[in-house]
Amino acid sequence: MQTRRIGDVEVSAIGLGGMPMSIEGRPDEARSLATIHAALDAGVTLIDTADAYHRDAHEVGHNETLIAKALSSHDRGRDVLVATKGGHLRPGDGSWTLDGSPRHLKEACEASLRRLGVEAIGLYQFHRPDPRVPYAESVGAIRDLLDEGKIQLAGISNADPDQIRQANEILGGRLVSVQNQFSPAFRSSEPELELCDELGIAFLPWSPLGGISRARELGSAYAPFARIAEAHGVSPQRVCLAWMLAKSPVVVPIPGASRPETIRDSLAATELTLDAEELAQLDAV
């Protein structure tokens, strides 16, 4: 497994996104545990989760609890950097709400610590800006958690370039990751990716294959991905992740998965090399 860096931590070049295993349409626990274990067996050392990855109102942190169970029952579990997030909420009716207040973020971090069963969270990320709360106050809470040793690394998610610069300044140059949506269908985070490349901050594309419902349609929606996949004898999804990895050494995709076979296919993208002409065709999509 190829590796990349988030801060001073070396991680697998592709991580595992845990959300599909905990929201609507999720599989049973046995298949989820098998999926996480398949990722670990294949060399994954980065798993992304959030306290908001749950379905019903009474089960906040479902995905964190699931991941903690999977890691504790695998001999490579201690080698994994678990990245979780706070500041997003799900009332249980399928909607998403926001609370970026410092009080909530600190309480959410304490709850995540308990669910993950750790003394310090490997990577804690502010999930999404809350327009009701000054951004500096939200990121200031993340800084406090970092200074207090409650978290080992600090990141932000769904941020624009100005917010990235502001967060890095508030954190005293200690911002290590930015997690934004990025895929063939969602290219508007190119400026954030380029800024992260310039600053040496890890860029973690979420929904890199287009999201849970669209990942299987990648090849049919974007002909170059299908054509190049056929030429290499691989899936369009694998081509997509290889294309992302080629964009910058700071890119660490975190494709979601709920089946062992899908995460295995995604991880094989680290072994696929695309030439300059192929990359240009994909960039032009």
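Filtering A185, A269 for residues that are in contact with a Lys or Arg (Cβ under 8 Å, 6 or more places away or on another chain) and buried (at least 20 other Cβ atoms within 10 Å of the Cβ) leaves a single hit, A269.
Between S183, S213, the distinction of being modelled with pLDDT under 95 and hydroxyl-bearing (S, T, Y) belongs to S213 only. Among the residues making up the stretch 254-284, a single one is without any contact (Cβ under 8 Å) to a residue 12 or more places away in the chain and either touching a Gly at 6+ places or on another chain (Cβ under 7 Å) or assigned to a loop (DSSP other than H, G, I, E, B) (or both): D275. Of all residues in the stretch 119-139, those being over 19 Å from the mean Cα position of the chain (by Cα) and crowded, with 16+ Cβ neighbours inside 10 Å number 4. Answer yes or no: is there a residue in the stretch 66-73 that is in a loop (DSSP other than H, G, I, E, B), touching a helix residue (DSSP H, G or I) at 6+ places or on another chain (Cβ under 7 Å) and aliphatic (A, V, I, L, M). Scanning the stretch 66-73 turns up no residue that is in a loop (DSSP other than H, G, I, E, B), touching a helix residue (DSSP H, G or I) at 6+ places or on another chain (Cβ under 7 Å) and aliphatic (A, V, I, L, M). Selection of first residues in the stretch 75-87 that are at negative phi and of second residues that are of a type in the set (K, R), restricted to Cβ pairs under 9 Å at least 6 apart or on distinct chains, gives the following pairs, ordered by first then second residue: T84/R115; K85/R128; G86/K106.
Listed by position, the helices (runs of 4 or more DSSP H) inside the stretch 185-242 whose residues that are touching a residue at least 60 places away in the same chain (Cβ under 8 Å) and aromatic (F, W, Y) number at least 1 are 223-232. Hey, any hits in the stretch 15-32 for a residue that's touching a strand residue (DSSP E or B) at 6+ places or on another chain (Cβ under 9 Å), modelled with pLDDT of 95 or more and either assigned to a strand (DSSP E or B) or open to solvent by 60 Å² or more (accessible area, probe 1.4 Å) (or both)? Scanning the stretch 15-32, I find at least one residue that is touching a strand residue (DSSP E or B) at 6+ places or on another chain (Cβ under 9 Å), modelled with pLDDT of 95 or more and either assigned to a strand (DSSP E or B) or open to solvent by 60 Å² or more (accessible area, probe 1.4 Å) (or both), so the answer is yes. The residue list A229, A221 contains one member that is more than 18 Å from the chain's Cα centre (by Cα), surrounded by fewer than 21 Cβ atoms within 10 Å (Cβ to Cβ) and more than 23 Å from Q2 (Cα to Cα), which is A221. Scan the stretch 114-149 for residues that are part of a helix (DSSP H, G or I) and over 21 Å from L175 (Cβ atoms) and the total you get is 3. Of the residues making up the stretch 93-122, those that are over 19 Å from E64 (Cα atoms) and modelled with pLDDT under 95 are D93, S95.
The values are calculated or read from the model by the stated rules, or taken from the named source; none is laboratory data. Keep in mind that what you see is a predicted model, and the values were worked out from it rather than measured. Because the Cβ atoms are built from the backbone with ideal geometry, glycine has one as well, and the counts that use them run over all protein chains shown. Remember, those area values only see protein heavy atoms, side chains included, never the ligands or the DNA or RNA. Shrake-Rupley method; radii C 1.70, N 1.55, O 1.52, S 1.80 Å.
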